[in-house]
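Asks: If you scroll down you'll find the structure; I have some questions about it.
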Amino acid sequence: MLISRHQRVLGLLNERGFLAAGEVAALFAVTPMTVWRDFAMLAELGLVRRVRGGVRAMGMGVGEAPFEEKERAELAIKARIAARAVREFVCEGDVIVLEGGTTVAAMIPYLPEARVSILSNSLPVALQVRALRPNLPVRVVGGWLSAVSGNLIGAEAVREIGRLSADMCFIGATGFDAEVGPTDPNPLEIEVKRAWASIARRTVMLLDAGKFGRRAVAVTLHPKRLHAIVSDQKPGTDIAALLRAHGVELQVAK
């Protein structure tokens, strides 16, 4: 119930930009104290900004933007990264994980038209595969639908992922800094990313160079869990040193 309420609050914020505490209390038939606890949790995750009387939607900071908004940002860069990832790391016969990031979704037009199977927790990814690569089989795991990302998250998703296996896992992140590695704002999304990485033989992270040096609320994966990073530029020397220390391959899409 708590996750469902948070999802609906985020969905309404995406539509309106501002929600008053009294409005949310009436909508869900809960006390004002419960509403402010919810707001505090969402603010701590970087998903909303608390203001007098309620909350406002976050901008394009280190919080999580809607899938469609992120998808439009720097499309040419995402396409180069995605094409390089497919060329270097996808083979016919593979079972691959496409997590719900927009750069990961940009891989779809470059995938082979047959003999690749896809696992995902993302409805936008599944719909794009259906439109662009209709002959590829797709398995979508169940869970709670995120109103922000369109991903299916929560304990049900994590349990179902644990019963699967994959050759390659492709994920994204909101930031990547030299101290902690990849980070994201939403722990529920992070749990699913970690679950995907745990069932794949290799995990590849797709990042545009603008993510280097940024940090969100929580660590996504320890860098040693990554096989490779595909980006459009080389990172700074401190991040490059971190990658070398953990044996992470760097692929730069020209």
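The values are calculated or read from the model by the stated rules, or taken from the named source; none is laboratory data. The model shown is predicted, which means the values in this text are computed figures rather than measured ones. Here Cβ is always computed from backbone atoms with ideal geometry, including for glycine, and neighbour counts include all displayed protein chains.
Asks: Does ARG139 qualify as being over 22 Å from THR183 (Cβ atoms) and either among the hydrophobic types (A, V, I, L, M, F, W, C) or crowded, with 16+ Cβ neighbours inside 10 Å (or both)?
Replies: Values: over 22 Å from THR183 (Cβ atoms): yes; either among the hydrophobic types (A, V, I, L, M, F, W, C) or crowded, with 16+ Cβ neighbours inside 10 Å (or both): no.
No.
Asks: Would you say GLU15 is assigned to a helix (DSSP H, G or I) and at pLDDT 75 or above?
Replies: no
Asks: Identify the residue in region 120-140 that is touching a Leu at 6+ places or on another chain (Cβ under 6 Å) and assigned to a strand (DSSP E or B) and, among all such residues, is farthest from ALA195 (Cα to Cα).
Replies: Filtering first and then ranking leaves ARG139.
Asks: Being at pLDDT 95 or above and either in contact with a helix residue (DSSP H, G or I) (Cβ under 8 Å, 6 or more places away or on another chain) or in the same structural domain as VAL217 (by TED's automatic domain parsing) (or both) is true for just one of ARG115, ARG130. Which residue is that? Walk me through how you get there before you give the answer.
Replies: Working: ARG130 fails: at pLDDT 95 or above.
Exactly one residue qualifies, and that residue is ARG115.
Asks: Would you mind telling me which numbered condition in (1) more than 18 Å from ALA147 (Cα to Cα); (2) modelled with pLDDT of 80 or more ALA73 fails?
Replies: Result: ALA73 fails condition (2) only.
Asks: Out of (1) touching a Pro at 6+ places or on another chain (Cβ under 7 Å); (2) within 22 Å of VAL125 (Cα to Cα), the odd one out for ARG202 is which?
Replies: For ARG202, the failing item is (1).
Asks: Could I ask something else about it? Would you pick out the residues in region 228-254 that are without any contact (Cβ under 8 Å) to a residue 60 or more places away in the chain, crowded, with 18+ Cβ neighbours inside 10 Å and not aliphatic (A, V, I, L, M)?
Replies: Hit for region 228-254 is PRO235, nothing else.
Asks: Any chance you could count how many residues in region 208-220 are hydrophobic (A, V, I, L, M, F, W, C) and in contact with a Gly (Cβ under 7 Å, 6 or more places away or on another chain)? Show your work before the answer.
Replies: Our first condition is that a residue be hydrophobic (A, V, I, L, M, F, W, C); within region 208-220, this holds for 209, 212, 216-219.
Then keep just the ones that are in contact with a Gly (Cβ under 7 Å, 6 or more places away or on another chain); that gives 212, 216-217, 219.
So the count comes out to 4.
Asks: Another question about this same structure. Cβ-Cβ distance below 8 Å, separation of 6 or more or different chains: which pairs start in region 183-202 with a residue that is among the basic types (Lys, Arg) and end on one that is assigned to a strand (DSSP E or B) and at pLDDT 95 or above?
Replies: LYS193/ILE171; ARG201/ALA166; ARG201/ASP167; ARG201/MET168; ARG202/ASP167; ARG202/MET168; ARG202/CYS169; ARG202/ALA228
Asks: Condition first: under 19 Å from HIS227 (Cβ atoms), touching a residue at least 24 places away in the same chain (Cβ under 8 Å) and surrounded by fewer than 23 Cβ atoms within 10 Å (Cβ to Cβ). Can you find one or more residues in region 93-105 that meet it?
Replies: Yes.
Asks: Would you call VAL129 surrounded by fewer than 22 Cβ atoms within 10 Å (Cβ to Cβ), over 20 Å from GLN233 (Cα atoms), in contact with a strand residue (DSSP E or B) (Cβ under 8 Å, 6 or more places away or on another chain) and in contact (Cβ under 8 Å) with a residue 12 or more places away in the chain? Break it down into steps so the answer makes sense when it comes.
Replies: Numbers: surrounded by fewer than 22 Cβ atoms within 10 Å (Cβ to Cβ): no; over 20 Å from GLN233 (Cα atoms): yes; in contact with a strand residue (DSSP E or B) (Cβ under 8 Å, 6 or more places away or on another chain): yes; in contact (Cβ under 8 Å) with a residue 12 or more places away in the chain: yes.
Criteria not met by VAL129.
Asks: Also, quick follow-up: Can you tell me which residue within region 4-48, out of those that are of a type in the set (Ser, Thr, Tyr) and touching a helix residue (DSSP H, G or I) at 6+ places or on another chain (Cβ under 9 Å), is nearest to PRO187 (Cα to Cα)? I'd like the intermediate steps shown before the answer.
Replies: So the first thing to find is which residues in region 4-48 are of a type in the set (Ser, Thr, Tyr), and the list is 4, 31, 34.
Cutting the leftovers down to touching a helix residue (DSSP H, G or I) at 6+ places or on another chain (Cβ under 9 Å) gives us 31, 34.
Details: THR31: 25, THR34: 20 Å.
Among those that are of a type in the set (Ser, Thr, Tyr) and touching a helix residue (DSSP H, G or I) at 6+ places or on another chain (Cβ under 9 Å), it is THR34.
Asks: Is there a residue being closer than 20 Å to PRO185 by Cα and crowded, with 17+ Cβ neighbours inside 10 Å anywhere in region 71-89?
Replies: Among the residues of region 71-89, at least one is closer than 20 Å to PRO185 by Cα and crowded, with 17+ Cβ neighbours inside 10 Å, which makes the answer yes.
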